[in-house]
Every structure is written in structure tokens, then in C-alpha cells.
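A short worksheet on the structure shown next.
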Amino acid sequence: MVIKVSGMRDASNIHEVSQLGIDWVGLDFRPNSERYVSQISSCAGIIPDYSSLSALSSQEPSQKNHRLVLCGVFADDMPQNIVTRVFNFNLDIVQLSGTENMVMIDNLRHTLDPDIHAGIKIMKCLAITKPEDIEKYKEYAEGIDYFLFEIDENIKDWNILASYDGKIPFFISGNISIDDIEKNRDFHHPLFYGIDVNEEFEAATAIKDVAA
């Protein structure tokens, strides 16, 4: 199971969390987010760009002994803004959390791959508030690499996703806490790829509690 820790922007905290053996780091590029990552040079000690994170990974690798995968989070952003962030932060994954359609996604992929980042992956986030919402995946079934099913906080049973019959791997998110992980330990699906954690593991906004 891949562990994605989102909402990070502090270089030292990323370094600390990387030692726990996580796999992906989510950088939030949505301007209205409390965890927004602005394009500030890493020498300011606030925002890590890819080169600073690469140095951390190469000098003191995570317990799984591989560099962190960087996932940029966007929502209904202009393509040129996404392209700029992919280039500046050398993002491996583009997560789209807005109302993006397949025309936009296809155009974005062709713009990024191969000229900006060969082999870039695209993840589409879908809000799940009821079982019928899972069917929304069909709109994107032929054009993305991962789904992120964001389960409503009132739904605690991950088995709501048992009806997903697509072919694309998926992550689960939605204010996931330790209690949710323990309660859903027996959840199984052949395309369940990982979990996305964020606020429930914070000591302060955008600072993850490494002891959690």
C-alpha cells in the first residue's frame, strides 16, 4: 500500500516525514488552500523545490530506500500554471481536484509529455458522498493513471468502494485518521493502491506530526 502525505510545504518537516518510509508527498498548489505552496525559493527555508527535496532524499533516503514521488494538487487551474509547477518542482504526478474534463486532461498530458516531463502521471480526484458517485469514474476511464476517491467524512466504511469495477488503480482520502485505518484494515480491492493522509496527522497547519 502506497502512503501519500499531502499538504506539506516545510523542507525540514518533509525530511522528518520521509524517514518514516512514506512514498508520495502532496504539494498543494490551490491558491485558496491553507497549505498552499507558493513559488518561493527553497533558500528562504520555507518552500522546498525539487532540488532541495532531491538532496534530502539522496543524502538520507527514506526507510524504503527510494526517493519520494512528488504529487502536485491543482483544481480548475490554468494549464500554463500547472505546466510551470511541473517544471519548477519536477512533479511526478499531477492531481486534478476540480471539475476538469477529459478534453482538458488530454491537452494537458500532451503538453507535458514528453517535452516538459516525459511519463508524467495524472490523478483525478472524485468526491464520494454516496455509492452512486463511484460511477463518475467512467467519464475518465480512458485518460488518467490513478483515481483519488475522496470519501465524505460521514462515510467511515471504505467498503462503499467495493462496487468500483474500473481498471485504474485508486487511492482513498477524506480526513483519514489512525482510527479509520484501523477500522478499515480488512478492506480489500484488487485496484486499491494506497491512502492519502493530511489534516488528521498535523501538529499545525502544513506541519505533520511525525509521532502520530
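The values are calculated or read from the model by the stated rules, or taken from the named source; none is laboratory data. Keep in mind that what you see is a predicted model, and the values were worked out from it rather than measured. For neighbour counting, all protein chains shown are included, and Cβ atoms are generated from backbone atoms with ideal geometry for every residue, glycine included. The protein model used for the area step is the full one, side chains on, heavy atoms only, and it has no ligands, DNA or RNA in it. Shrake-Rupley method; radii C 1.70, N 1.55, O 1.52, S 1.80 Å.
What is the Rg over Rh value, at two decimals, for segment 123-212, using alpha-carbon atoms and the Kirkwood definition of Rh?
Value, to two decimals: 0.98.
Taking a ≥ b ≥ c as the square roots of the eigenvalues of the Cα gyration tensor of the chain, is the shape rounded (a/c under 1.5), prolate (a/b larger than b/c) or oblate?
Oblate shape, in that a/c is at least 1.5 and b/c is the bigger or equal ratio.
Within 9 Å, Cβ to Cβ, of TRP158, how many net charges do the neighbouring residues add up to if Lys/Arg are +1 and Asp/Glu are -1?
0
Once every DSSP H run of n ≥ 4 in the chain is given -39500 (n - 2.57) and the sum is divided by its residues, what mean residue ellipticity at 222 nm do you get, rounded to the nearest 500 deg cm²/dmol?
-6000 deg cm²/dmol
In Å², and per residue, what accessible area does segment 58-212 have when probed at 1.4 Å with the other protein chains present?
51 Å²
Please tell me which of these pairs span more than 21 angstrom C-alpha to C-alpha: LYS4/LYS130; LYS4/LYS121; LYS4/LYS136?
In this structure, LYS4/LYS130; LYS4/LYS136 lie more than 21 Å apart at Cα.
Among the aspartates and glutamates, which have Cα under 12 Å from the Cα of LYS183 when same-chain residues fewer than 8 positions away are ignored?
ASP157
GNM on the chain, C-alpha springs below 10 Å: top fluctuator among ARG185, ARG85, ARG35?
ARG185
How far apart, in nm, are the 7 Å Cα→Cβ label points at LYS156 and GLU139?
3.1 nm
At 1.4 Å probe size, with the rest of the protein present, what percent of the exposed accessible area of the chain is carbon and sulfur atoms?
49 percent
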